[in-house]
1. Treat the count of other C-beta atoms within 10 Å as a stand-in for reagent exposure and order 155, 208, 73, 95 from fewest to most.
2. Could you tell me the convex hull volume per residue, in Å³, taken over the Cα atoms of segment 161-217?
3. For segment 81-225, give the magnitude of the charge dipole about the Cα centre (Cβ charges: +1 Lys/Arg, -1 Asp/Glu; no others), in debye to the nearest 20.
4. If the chain between residue 181 and residue 55 were fully stretched, how many nm would it gain, using 0.36 nm times the residue separation less the Cα-Cα distance?
5. Taking the Kirkwood radius as the inverse of the mean 1/r across Cα pairs, report the Rg/Rh of segment 6-78.
6. Calculate, in nm to one decimal, what residue 17 and residue 151 gain on full extension: separation in residues at 0.36 nm each, minus their alpha carbon distance.
7. Pop the C-beta distance of residue 105 and residue 28 into the FRET formula with R0 = 45 Å and round what comes out to the nearest 0.05.
8. Too long at a 29 Å Cα-Cα cut-off: which of 13/143; 61/161; 13/98; 132/161; 2/61?
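Readers should treat all values here as calculations from the given coordinates under stated rules, not as data from a laboratory. All values derive from a computational prediction rather than experimental measurement. Backbone-built Cβ (ideal geometry, glycine too); neighbour counts: all protein chains shown.
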Amino acid sequence: MKFPELLPAVFIKRNNRFTAGVRLETGEITTAFVPTTGRLTGALRPNCRVWLARAGDPNRKTPYTLTLAELEHGGLCSVDALMANRLFEESVNNHRLKAFPYPEIDREVPYGRSRLDFRLSDGGQSCWVEVKSVTYAEDGVGKFPDAPTGRGRRHLQELAKIVREGGQSSAVFIAQRADATTFMPFEVIDPDFAETLRQVRRQGVGVHAYRCQLGLGDIEIAEEIPVVLDT
């Protein structure tokens, strides 16, 4: 997946959940939209290099969208949570994910009290999928979530309900950085989510994780990585 033209900048600080102060190469201080609800711990730090996309709407309050951040030890991380969904859909369409050989894709499908990211279908067979964006990694281990997520736990419970009713479902974690070679839940941040993930996998929910390869021009899912749930 191609990125739009990106502008280099320096990250100053996160003003609130959805905006950040950045300094352009011209020295101008401006505001960028932060397209995730996560804390981006390990991806953003004061004075790190970032890359911005121009807002499509000239009347938007934030003229830029924060897109990439340079990691402390080199490499890049995509900080757009919705990018994980687009990458998953692109890879399914291109038949690059062996676990998901489905020709039909429906997005944002209501189920129970939630709206799940995807329903994949092939004739009479369906698989419901919830995708999560992973931006934190430590010593090669990608972890989710980087902030407590009651909504994330509810999604897992909905996936388990689908399995109990005779259907198929999977939770998919996409590390938008190249240095994550294994995935595990972030137990210290949200032990309830970690335990729920272990429970639903025992109940038959598929759990898959992938790492991405990315540069300033594009990003794609590179390969599936091992999932470690037992501590």
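1. Values: 155 27, 208 20, 73 6, 95 11.
So the ranking, lowest neighbour count to highest, is 73, 95, 208, 155.
2. Enclosed volume per residue, from the Cα hull, is 101 Å³.
3. 480 debye
4. Details: separation 126, 0.36 × 126 = 45.36 nm, distance 3.28 nm.
Roughly 42.1 nm would be gained on extension.
5. Values: Rg = 11.2 Å, Rh = 12.1 Å.
Result for segment 6-78 is an Rg/Rh of 0.93.
6. Details: separation 134, 0.36 × 134 = 48.24 nm, distance 1.66 nm.
Here the answer is 46.6 nm.
7. That pair, residue 105 with residue 28, gives E of 0.65.
8. Numbers: 13/143 23 Å; 61/161 41 Å; 13/98 40 Å; 132/161 19 Å; 2/61 25 Å.
Flagged as over cut-off: 61/161; 13/98.
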